[in-house]
Amino acid sequence: MATLKLLSFVLSLLFILNLTTSQGLYLGFYSKTCPDAEYIALNVVKQFVYKDPTLAAPLLRMHFHDCFVRGCDGSVLLDSTKKNQAEKAAIPNLTLRGFNVIDAIKSAIEKKCPGVVSCADILSLATRDSVHMIGGAFWEVPTGRRDGRVSRSSEALNEIPSPFDDIYKLKKRFSGKGLNVKDLAVLSGGHTIGIGHCFIIQNRLYNFTGKGDTDPSLDPFYAAQLKKKCKPGNNMKTVVEMDPGSSKTFDKSYYNVVSKRRGLFQSDAALLNDVDTKSYVLSQSYSNNGFTFAHDFAQSMVKMGHIGVLTGKKGEIRKKCSFVN
């Protein structure tokens, strides 16, 4: 077992080194220009997540949503202006939170190293640290991203995977970002933490085909439980756990939930409609060892963190994460 773990670690390292060589990111990018950057980011994240462990889920979601629109360039952090509706204003991002964590990290780093560390890198680091703090995998974050200057709500609406997507749409969205079917299954495991809003599953519970019915792919017992919480006409404030009983701990129990047809969203249930994604769900559901998922999640997060990055002289280093310079 020790040999297999060592081999897995070596392969992961080679995987990361290959990505960093090809796209301009590398470990320790700020080692000379701001050597305390990652330490400062970690300390700020600790201050927030120790007080509120539920912040890990929205930070992970924010990073995911950022990378799927124009790449991992911090564009999700920009505020709207009179002339432009930013990504924040798009429906998939209306329930995002944790922007204050990113702003606090940026402010602390700017005091030490003004104009050096990008908001895009800060978001990547904060996501890793918050997930690790609640029991999730740790992964090395190659840095060197620069911040984008463009943020459009229309692009967020079109690019971010939807909770209503079927397996075909999900595979197409992921492949369009250079992510494969395994990445889809693995990154979906991020739903092991956090909450879902009742308004998103209203039709799935009460009017799936327009005839007042419930989605037949949803376990009837679980559907009955959800209906007790999610009454018809619920507003955006009513929420339920994505992974009931384990929504504050990053583990592989999400796959147990999905295998029992209790995935909250249609996109969760969709994982059972493809041979490869279903195989991964079942393998994690029956496994007694969470090492494989932790390893896979770390690898897929590093891979996702390279989507469409701006490096070199592209983009900018924002002074404040919510505004372009």
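Does THR249 satisfy the condition of being surrounded by fewer than 18 Cβ atoms within 10 Å (Cβ to Cβ), of a type in the set (Val, Ile, Thr) and in contact (Cβ under 8 Å) with a residue 12 or more places away in the chain? I'd like the intermediate steps shown before the answer.
Working: surrounded by fewer than 18 Cβ atoms within 10 Å (Cβ to Cβ): yes; of a type in the set (Val, Ile, Thr): yes; in contact (Cβ under 8 Å) with a residue 12 or more places away in the chain: yes.
Judged against the criteria, THR249 is a match.
From the residues in the range 198-228 that are among the β-branched types (Val, Ile, Thr) and touching a residue at least 24 places away in the same chain (Cβ under 8 Å), which one is farthest from SER130 (Cα to Cα)? Per the stated criteria, the residue is ILE201.
With respect to the conditions (1) open to solvent by less than 20 Å² (accessible area, probe 1.4 Å); (2) touching a Pro at 6+ places or on another chain (Cβ under 6 Å); (3) assigned to a loop (DSSP other than H, G, I, E, B), SER267 falls short on a single one, namely (3). One residue stands out in the range 231-256 among those that are of a type in the set (D, E, K, R) and at pLDDT below 90: the one that is farthest from PHE293 (Cα to Cα), namely LYS237.
Within the range 68-80, can one find any residue that is open to solvent by less than 10 Å² (accessible area, probe 1.4 Å), among the β-branched types (Val, Ile, Thr) and either at pLDDT below 95 or not in a strand (DSSP E or B) (or both)? Yes: the range 68-80 contains one or more residues that are open to solvent by less than 10 Å² (accessible area, probe 1.4 Å), among the β-branched types (Val, Ile, Thr) and either at pLDDT below 95 or not in a strand (DSSP E or B) (or both).
Restricted to the range 13-49, and to residues that are at pLDDT below 95 and among the hydroxyl-bearing types (Ser, Thr, Tyr), which residue is nearest to GLN299 (Cα to Cα)? Across the range 13-49, the extreme among qualifying residues is THR20.
For LEU123, state whether it is of a type outside the set (Ser, Thr, Tyr), buried (at least 24 other Cβ atoms within 10 Å of the Cβ) and either over 28 Å from LYS171 (Cβ atoms) or touching a Pro at 6+ places or on another chain (Cβ under 8 Å) (or both). Please lay out each step first, then the result.
Values: of a type outside the set (Ser, Thr, Tyr): yes; buried (at least 24 other Cβ atoms within 10 Å of the Cβ): yes; either over 28 Å from LYS171 (Cβ atoms) or touching a Pro at 6+ places or on another chain (Cβ under 8 Å) (or both): no.
Taking the combined requirement at face value, the residue does not satisfy it.
Scanning the range 81-102 for residues that are open to solvent by less than 50 Å² (accessible area, probe 1.4 Å), more than 16 Å from the chain's Cα centre (by Cα) and over 24 Å from THR311 (Cα atoms) yields ALA89, ALA90.
Residues being among the aliphatic types (A, V, I, L, M) and assigned to a strand (DSSP E or B) are represented in the range 309-316 by at least one member. Taking the listed residues VAL117, VAL150, the one that is closer than 12 Å to ALA41 by Cβ, over 17 Å from the mean Cα position of the chain (by Cα) and not basic (Lys, Arg) is VAL117, with no other qualifying. Of all positions in the range 293-301, none carries a residue that is within 30 Å of ALA86 (Cβ to Cβ), open to solvent by 40 Å² or more (accessible area, probe 1.4 Å) and touching a Leu at 6+ places or on another chain (Cβ under 9 Å).
Pick out the one residue from VAL117, VAL131 that is farther than 21 Å from GLY190 by Cβ, in contact with a helix residue (DSSP H, G or I) (Cβ under 8 Å, 6 or more places away or on another chain) and of a type in the set (A, V, I, L, M). Outline the logic, then answer.
Working: VAL131 fails: farther than 21 Å from GLY190 by Cβ.
Of the residues listed, the single one that is farther than 21 Å from GLY190 by Cβ, in contact with a helix residue (DSSP H, G or I) (Cβ under 8 Å, 6 or more places away or on another chain) and of a type in the set (A, V, I, L, M) is VAL117.
Output the number of residues of the range 156-197 satisfying the condition of being in contact (Cβ under 8 Å) with a residue 40 or more places away in the chain and polar (S, T, N, Q). So that I can check it myself, show each step before the final result.
Step one: of the range 156-197, the residues in contact (Cβ under 8 Å) with a residue 40 or more places away in the chain are 156-157, 159-167, 170-171, 173, 177-179, 181-197.
Then keep just the ones that are polar (S, T, N, Q); that gives 162, 188, 192.
Counting residues in the range 156-197 that are in contact (Cβ under 8 Å) with a residue 40 or more places away in the chain and polar (S, T, N, Q) gives 3.
Scanning the range 32-46 for residues that are surrounded by 13 or more Cβ atoms within 10 Å (Cβ to Cβ) and polar (S, T, N, Q) turns up just one, ASN43. Scanning the range 167-213 for residues that are part of a helix (DSSP H, G or I), open to solvent by 40 Å² or more (accessible area, probe 1.4 Å) and either of a type in the set (D, E, K, R) or within 12 Å of SER267 (Cα to Cα) (or both) yields TYR168, LYS169, LYS171, LYS172, ARG173, LYS182, HIS191.
The values are calculated or read from the model by the stated rules, or taken from the named source; none is laboratory data. Just so it is clear, the model here is predicted, and its values are computed rather than measured. Glycine gets a Cβ as well: all are built from the backbone with ideal geometry, and neighbour counts include every protein chain shown. SASA here: full protein model, heavy atoms, side chains in, ligands and nucleic acids out. Shrake-Rupley method; radii C 1.70, N 1.55, O 1.52, S 1.80 Å.
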